[in-house]
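Engineer: Please see the structure below; I have some questions.
The values are calculated or read from the model by the stated rules, or taken from the named source; none is laboratory data. Here the structure is a predicted model, which is why all the values come from computation and not from measurement. Positions of Cβ are backbone-derived with ideal geometry, glycine not excepted, and every protein chain shown enters the neighbour counts.
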Amino acid sequence: MSVSIEHPAEAHTEHPGYAIFIKVWLVLLVLTGCLVGMSHVSQTYAVWGLLTLTPLKAGLVFYFFMHLKYEGPLFKVVVLVTLGTLLIFFALLFSDVAFH
Amino acid sequence: MSGHVHRDDYGARLGMWLFLVTEMVLFGGLFIAYSYMRYRYPAEFHHGGSELNVTLGVTNTIVLLTSSLTVVLAIVAVQRAERKRALAFLSTTLALGLIFLVIKSFEWGAKFHHGLYPNSPHLATLPPGEQVFFGLYFTMTGLHGVHVIVGLGVLSVMLWWVATGRVRQDRYIHLENSGLYWHLVDVIWIFLLPLFYLAA
Amino acid sequence: MTTHASTAQPSYLVDTGTRKGLLAWLTTTDHKRIALLYLYAMSMFFLIAMGIGFVMRLVQLTSFQKLITAQTYNALFTVHGVIMIFLFVIPGLSAVFGNFFLPILIGAKDVSFPRLNLASWYFFMAGAILAVLSLFTGGGAPDTGWSFYAPFSLKTGTNVSLAVFAAFVLGFSSMLTGINFITTIHRMRAPGMQWFRMPLFCWAVYSTAWIQILATPIVAITLVLVILERFFGIGVFDPAKGGDPLLYQHLFWIYSHPAVYIMILPAMGAITEIIPTFAKRTIFGYKAIAFSSMAIAGVGSLVWAHHMFTSGMSGMALMLFSLLTMVVAVPSAVKVFNWVGTLYKGSIDFQPPLLFALTFIFLFCIGGLTGVMQGALAVNVHIHDTYFIVGHFHYVMFGGTGMAFFAALLYWFPKMWGKMYSKKAIYASWFPIFIGFNMLYFGMLILGLMGMPRRYYVHLPQFHTMHVVATVGSWFLVLGLLMFFGTLLYAILKGEKAEDNPWGGVTLEWTIPSPPPLENFETIPIVTHGPYEFGAQEGKS
């Protein structure tokens, strides 16, 4: 009989080192700079910056700083389900707001 | 009391992530309210955003991003049993969190000084959309601030536990989970920056 | 698996630690004791709210209006709703039977976070006490209705702030319970307890827990906004400051509609445990029921604006939400068909739990179908905010969740206390409950179609006859409920000892003694087959 419960032992045996996180931090700083820069160009750029760079930054924090990269699929699914739910709430709300 | 203490770090992390789900949805509700109102009052939000201090907002972003980095580095240090380094990293995080709050309070203070606070006589003279903008600004940054304070409290305990060896190379789940919380606070700020400070 | 002749461990009801008596209960981390703590507290709240409902019906006899003023009536329906919803049906089956049986059904010794579990109960009690305090402090009992609609909730002088904060704290308790249950199901299943070998009650609790963590925070933040609005005037919901009450309605129902599924899903799960046991037959369509729970949780979160059809939403939103509302009836119907399919050609053992389970199916069908009626836009305009709505949700919440709660209580009672109740007394209580229930709430459906608006203190003469019928029904109902609870209370105190497996059930809880020992299982069982294999059981013995 195959036993289905996962063993509580750590999934990741090889821990990441300092360097990777410092690199991610540098990227985050650069992206923040880009975001500020874009917002000074025009309103359209500001909105595009908001819609693209912000989720990218958040994604980097989730993926590296919060160790999602090193976790199994369950944690990724949990995060995706949450974001998906919020997105659907948002879309359905705008089915009212946007068609007034 | 029932003596069946078993250790399940994976389960503890899962529990923490599920708690973070509730936090994401909590702020998600506010982000939904924000977009509802911004859709309704685009010009007023634009104007309201121009009243905010971009320099302070961006500075605070850098402060928080860096504090996030030092937390994750503290975990690496604990994994490598480099306790002194871990303590240094965590102390840096705490210091940066405090700096964030100080900057924040200057910012709020300036707004109050200009009569820009909910229910103020000056705010009542502004167009409705701007009143809502500042209502949301104070609510969202305020609630975020509360989370920063809670996070600082939790991380102070972690500093203590690393110092006393309760958090150590073979047992650092508490630090990991506290770190997760702190990162989420950081992520929320990542969204607040463009929504308010860069809205203009 | 069925041998448990000698058990070294004492029952969980016996104090084994250093603390004794009440203190031992209040500091326990045992999931079974926490379940009973919830049950005792909730039964008390239920009886209080039932009493309030009883008084509200008396007011509609008009001769009692000298005793109850209109303002008091407003407070009564608010408090009745707040207590019933936040303190009884939302925690309901999940907190009591979920806590008690989820770990046992998956072969675990406890939940993943036992101390968090106890903390959740304290949050629950704190919320309950705050809710009660809100009645007597500040400007008096809230008069907004349980939905706290803005802008009235922002302006009324009654103590809405505290009541809303109480709901916030209760929400926190609900979220923590959800986190605990999800983690428990992922981490604590016994060896061989694969996902599709779990009893379906676990699937129901799992789906519920997901709604608890995905929807509750929305209402939490909404209620925080109401408080901030009342204290600081932030203006998000206040039209005078550019805010929008419709945004409040959206945010409130984004949680509060899924909350309906938080209430009903574990109820359906309990029914799914009861039916196979008394049909002596495996469940019909295991996977269909498991997935329909998840589907209800998913689709049920996307229908909230059907509470707002007359609020002036866009045509697009009206059509979308009407369509989604109809869709959510499908997984619910799948379950009903599966229950009936399970009974078909089963060897039915007619016992009190099955009687209440069948009552659940009957009343829930009326509740569900009247719900579909309201999902139709044109009909909704006619019956919006009438007694039809009140009748409908009492059919779902009381006829559904309430009856399932009673059925589950009867089913698991011998296991929880190791005592057996008088079946005759339970049968006797069923008649006034069933007759009174239908007089009261079907009366309300008719009143609603006639045009009687809800929450009115007075009514026009043409509604009087039906109001009398409904009020008389409420007397039968209350009588039956008192008989029901009295019977069970007597059984707890003086009932005869129950067998370990009085119903011939085959899920794991029936393999351990009644009442269960402290750590449930002497040795963690190894599961080799699905949950409802009656044939396998007979083959062994």
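Engineer: Against the conditions (1) under 30 Å from C:GLY235 (Cβ atoms); (2) out of contact with any Asp or Glu (no Cβ under 6 Å at 6 or more places or on another chain), where does C:THR158 fall short? Just the number, please.
Structural biologist: Failed condition: (2).
Engineer: Among the residues of the range C:503-523 satisfying the criterion of being touching a residue at least 40 places away in the same chain (Cβ under 8 Å) and surrounded by fewer than 16 Cβ atoms within 10 Å (Cβ to Cβ), which is nearest to C:MET452 (Cα to Cα)?
Structural biologist: If we take residues in the range C:503-523 being touching a residue at least 40 places away in the same chain (Cβ under 8 Å) and surrounded by fewer than 16 Cβ atoms within 10 Å (Cβ to Cβ), then C:GLY504 is nearest to C:MET452 (Cα to Cα).
Engineer: Quick one: B:ALA81 ticks every box in (1) out of contact with any helix residue (DSSP H, G or I) (no Cβ under 7 Å at 6 or more places or on another chain); (2) assigned to a helix (DSSP H, G or I); (3) within 12 Å of another protein chain (Cβ to nearest Cβ) bar one, so which box is it?
Structural biologist: (2)
Engineer: Moving on. Going by what's in this entry, would A:HIS40 be described as more than 23 Å from B:TYR181 (Cβ to Cβ), surrounded by fewer than 16 Cβ atoms within 10 Å (Cβ to Cβ), facing another protein chain (nearest Cβ under 7 Å) and not hydrophobic (A, V, I, L, M, F, W, C)? Outline the logic, then answer.
Structural biologist: Numbers: more than 23 Å from B:TYR181 (Cβ to Cβ): yes; surrounded by fewer than 16 Cβ atoms within 10 Å (Cβ to Cβ): yes; facing another protein chain (nearest Cβ under 7 Å): no; not hydrophobic (A, V, I, L, M, F, W, C): yes.
Here the answer is no, as A:HIS40 does not meet what is asked.
Engineer: Regarding the range C:266-277, can at least one residue be identified that is touching a helix residue (DSSP H, G or I) at 6+ places or on another chain (Cβ under 9 Å) and within 11 Å of chain B (Cβ to nearest Cβ)?
Structural biologist: No, because not a single residue in the range C:266-277 is touching a helix residue (DSSP H, G or I) at 6+ places or on another chain (Cβ under 9 Å) and within 11 Å of chain B (Cβ to nearest Cβ).
Engineer: Taking the range C:115-169 as the search range and keeping residues that are in a loop (DSSP other than H, G, I, E, B) and within 21 Å of the chain's Cα centre (by Cα), which one is nearest to C:ILE227 (Cα to Cα)?
Structural biologist: C:PHE148
Engineer: Being of a type in the set (A, V, I, L, M), in a helix (DSSP H, G or I) and without any contact (Cβ under 8 Å) to a residue 60 or more places away in the chain is the filter here, so list the residues in the range C:206-239 that pass it.
Structural biologist: Taking the range C:206-239 as the starting set, the residues that turn out to be of a type in the set (A, V, I, L, M) are C:209, C:211, C:213-215, C:218-221, C:223-228, C:234, C:236.
Going one step further and asking which of them are in a helix (DSSP H, G or I), we end up with C:209, C:211, C:213-215, C:218-221, C:223-228.
Passing the criteria: C:ILE213, C:ILE218, C:VAL219, C:ALA220, C:ILE221, C:VAL224, C:LEU225, C:LEU228.
Engineer: Say we look at the range A:82-95 and pick out the residues that are surrounded by 14 or more Cβ atoms within 10 Å (Cβ to Cβ) and of a type outside the set (Phe, Trp, Tyr); which of these is farthest from the other protein chains (Cβ to nearest Cβ)?
Structural biologist: First, pick out the residues of the range A:82-95 that are surrounded by 14 or more Cβ atoms within 10 Å (Cβ to Cβ): A:82-83, A:85-86, A:89-90, A:92-95.
Still in the list and also of a type outside the set (Phe, Trp, Tyr): A:82-83, A:85-86, A:92-93, A:95.
On the way: A:THR82: 5, A:LEU83: 8, A:THR85: 5, A:LEU86: 4, A:LEU92: 6, A:LEU93: 6, A:SER95: 4 Å.
Filtering the range A:82-95 for residues that are surrounded by 14 or more Cβ atoms within 10 Å (Cβ to Cβ) and of a type outside the set (Phe, Trp, Tyr), the one farthest from the other protein chains (Cβ to nearest Cβ) comes out as A:LEU83.
Engineer: For C:SER322, are the conditions met, namely being on the phi < 0 side of the Ramachandran plot and within 14 Å of chain A (Cβ to nearest Cβ)? Give the steps one after another, and end with the answer.
Structural biologist: Working: on the phi < 0 side of the Ramachandran plot: yes; within 14 Å of chain A (Cβ to nearest Cβ): yes.
Taking the combined requirement at face value, the residue satisfies it.
Engineer: Just the residues that are surrounded by fewer than 24 Cβ atoms within 10 Å (Cβ to Cβ), in contact with a helix residue (DSSP H, G or I) (Cβ under 7 Å, 6 or more places away or on another chain) and within 7 Å of chain B (Cβ to nearest Cβ), please, taken from the range C:222-232.
Structural biologist: Matches in the range C:222-232: C:LEU228 only.
Engineer: I need a count of the residues in the range B:107-126 that are hydrophobic (A, V, I, L, M, F, W, C) and under 24 Å from the mean Cα position of the chain (by Cα). Talk me through it step by step, then tell me what you get.
Structural biologist: The initial filter retains those residues of the range B:107-126 that are hydrophobic (A, V, I, L, M, F, W, C), namely B:108, B:110, B:112, B:116, B:123-124, B:126.
From the residues that got through so far, the ones that are under 24 Å from the mean Cα position of the chain (by Cα) too are B:108, B:110, B:112, B:116.
Adding up the residues that qualify gives 4.
Engineer: Then there is this: Taking the range C:458-503 only, how many residues are farther than 27 Å from C:ALA41 by Cβ and among the polar types (S, T, N, Q)?
Structural biologist: 4
Engineer: Here's a follow-up. With the checklist (1) more than 8 Å from every other protein chain (Cβ to nearest Cβ); (2) of a type in the set (Val, Ile, Thr); (3) buried (at least 20 other Cβ atoms within 10 Å of the Cβ) in hand, flag the one item B:VAL132 doesn't pass.
Structural biologist: The number of the failed condition is (1).
Engineer: Filtering the range C:253-278 down to residues that are of a type in the set (Gly, Ala, Ser) and modelled with pLDDT under 95, which residue is surrounded by the fewest Cβ atoms within 10 Å (Cβ to Cβ)? Reasoning before the result, please.
Structural biologist: The initial filter retains those residues of the range C:253-278 that are of a type in the set (Gly, Ala, Ser), namely C:256, C:259, C:267, C:269-270.
Among the residues that remain, those that are also modelled with pLDDT under 95 are: C:256, C:259.
On the way: C:SER256: 22, C:ALA259: 24.
Among those residues, the one meeting the criterion is C:SER256.
Engineer: Based on what the data block shows, is C:ASN159 within 14 Å of chain B (Cβ to nearest Cβ), touching a residue at least 12 places away in the same chain (Cβ under 8 Å), under 21 Å from C:VAL219 (Cα atoms) and not aromatic (Phe, Trp, Tyr)?
Structural biologist: no
Engineer: Whether any residue in the range A:80-96 is part of a helix (DSSP H, G or I) and within 11 Å of the chain's Cα centre (by Cα) is what I want to check.
Structural biologist: Yes, the range A:80-96 contains a residue that is part of a helix (DSSP H, G or I) and within 11 Å of the chain's Cα centre (by Cα).
Engineer: A follow-up question, please. Out of B:ALA12, B:ALA33, report the one residue that is closer than 25 Å to C:SER120 by Cα and either of a type outside the set (S, T, N, Q) or within 11 Å of chain C (Cβ to nearest Cβ) (or both).
Structural biologist: B:ALA12
Engineer: Could you name every one of the helices (runs of 4 or more DSSP H) located completely within the range C:370-479 that has at least 2 residues being more than 21 Å from C:THR310 (Cα to Cα)?
Structural biologist: C:403-417, C:423-450
Engineer: Tell me, please, whether a residue that is over 30 Å from C:VAL390 (Cα atoms), outside any helix (DSSP H, G or I), under 28 Å from the mean Cα position of the chain (by Cα) and not hydroxyl-bearing (Ser, Thr, Tyr) can be found in the range C:520-528.
Structural biologist: For the range C:520-528, residues over 30 Å from C:VAL390 (Cα atoms), outside any helix (DSSP H, G or I), under 28 Å from the mean Cα position of the chain (by Cα) and not hydroxyl-bearing (Ser, Thr, Tyr): present.
Engineer: Next up: Are any residues in the range C:172-206 of a type in the set (Lys, Arg) and either within 12 Å of chain B (Cβ to nearest Cβ) or more than 23 Å from C:THR277 (Cβ to Cβ) (or both), and if so, which ones? Even if it seems obvious, please write down each step before you answer.
Structural biologist: Residues of the range C:172-206 of a type in the set (Lys, Arg): C:187, C:189, C:197.
Of everything in the range C:172-206, those that are of a type in the set (Lys, Arg) and either within 12 Å of chain B (Cβ to nearest Cβ) or more than 23 Å from C:THR277 (Cβ to Cβ) (or both) turn out to be C:ARG187, C:ARG189.
Engineer: So B:ASN119 fits all but one of (1) under 22 Å from B:PHE191 (Cα atoms); (2) within 14 Å of chain C (Cβ to nearest Cβ); (3) polar (S, T, N, Q); what number is the exception?
Structural biologist: All conditions are met except number (1).
Engineer: Any residue in the range B:172-193 that is surrounded by fewer than 19 Cβ atoms within 10 Å (Cβ to Cβ) and either away from chain C (no Cβ under 14 Å) or within 20 Å of C:PHE232 (Cβ to Cβ) (or both)?
Structural biologist: Looking for residues that are surrounded by fewer than 19 Cβ atoms within 10 Å (Cβ to Cβ) and either away from chain C (no Cβ under 14 Å) or within 20 Å of C:PHE232 (Cβ to Cβ) (or both), one finds none in the range B:172-193, hence no.
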